[in-house]
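The values are calculated or read from the model by the stated rules, or taken from the named source; none is laboratory data. All values derive from a computational prediction rather than experimental measurement. Here the Cβ positions follow ideal geometry from the backbone for every residue, glycine too, while neighbour counts run over all protein chains shown.
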Amino acid sequence: MVKIAVSGACGKMGKRIISLAGKDPGLELIFGLENINHQDINKTVNGIEISADLGRLETCDCLIDFSMPGAILEYLPYLLKFRKCAVIGTTGFDENEQLKIKRASQVIPVVFSPNMSVGVNLLFRLIKDAAKILKEYTVNIEESHHIHKKDSPSGTAKKIAQIVNEQGFNLKIEEIKAVREDEIVGEHRVLFESGLDKIELFHSAKTRDIFVQGALRAAKWVVNKNPRLYSMDDVLFNKP
């Protein structure tokens, strides 16, 4: 059984991780992490103790993080000290922060993905295949999320731009159309268009549980892996 801790345990994603992890016989949820000033520190929420004691990371096998960029960077030294792996679904990291995560992955195994959804990661593969073939097409990316999402465009949209640009396109981040509206969980659309036709690849998340299920799957997969920076592509397609 894999023992997990959850960072951002009292947030929307953290609460869903706690709920679904409790139903998975392959997982044992040890505790939740929150900022020392959080109102629920040292309380039991949904059957799980909420703590700010980073020394407790020694008791888990893997930390699942859906919080803020600053939080996981604070936790990394403890994960390195205790040689514990991490699944990071948080977005909004700058280049320097991403570099710190990459350096940590030289010591511990880390699954780092802007989107933990199985469907979205399949979408990434389809986009890569399309971009390889549709060299003469123009490409546009659109994404929509709820009004509470802080980063814009989304980490997923930036990943899509990276994928198409690796195939010879030159799409700029500022060209991504980003919408923040109502309580949209997450939608991503990629349009390849020529003078003759238009090809559209689209994914719409109905519930945040798709991200949680992917993160739990990643946590069970990454334990005992060699130190490296892994993606959900590695998890889903069983790369060594």
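Scan the range 192-208 for residues that are surrounded by 14 or more Cβ atoms within 10 Å (Cβ to Cβ) and at pLDDT 95 or above and jot them down.
Correct list: PHE192, GLU193, ILE199, LEU201, HIS203.
From the list ILE50, ILE18, exactly one residue is buried (at least 19 other Cβ atoms within 10 Å of the Cβ), of a type outside the set (Gly, Ala, Ser), farther than 21 Å from MET116 by Cα and out of contact with any helix residue (DSSP H, G or I) (no Cβ under 7 Å at 6 or more places or on another chain). Which is it?
ILE50
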Worksheet entry | Top-ranked residue in the range 83-97 [being polar (S, T, N, Q) and under 20 Å from CYS62 (Cα atoms); ranked as surrounded by the most Cβ atoms within 10 Å (Cβ to Cβ)] | THR90
Item to complete: Just one of (1) among the polar types (S, T, N, Q); (2) under 30 Å from GLY22 (Cα atoms); (3) surrounded by fewer than 17 Cβ atoms within 10 Å (Cβ to Cβ) trips up THR156, so point out which.
Response: (3)
Worksheet item: Of the residues that sit in the range 65-93 and are assigned to a loop (DSSP other than H, G, I, E, B) and within 15 Å of the chain's Cα centre (by Cα), which one is nearest to ARG16 (Cα to Cα)?
Response: PHE66
Worksheet, complete the sentence: Condition set of a type in the set (S, T, N, Q) and in a helix (DSSP H, G or I), scope the range 119-166, selection nearest to the chain's Cα centre (by Cα): answer is THR156
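Just to be sure, is LYS172 without any contact (Cβ under 8 Å) to a residue 12 or more places away in the chain and surrounded by fewer than 17 Cβ atoms within 10 Å (Cβ to Cβ)?
When the stated conditions are applied, LYS172 passes them.
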Discussion item. Taking the conditions exactly as written (in contact (Cβ under 8 Å) with a residue 40 or more places away in the chain, of a type outside the set (D, E, K, R) and closer than 21 Å to LYS225 by Cα), does SER67 satisfy them or not?
Written reply: no
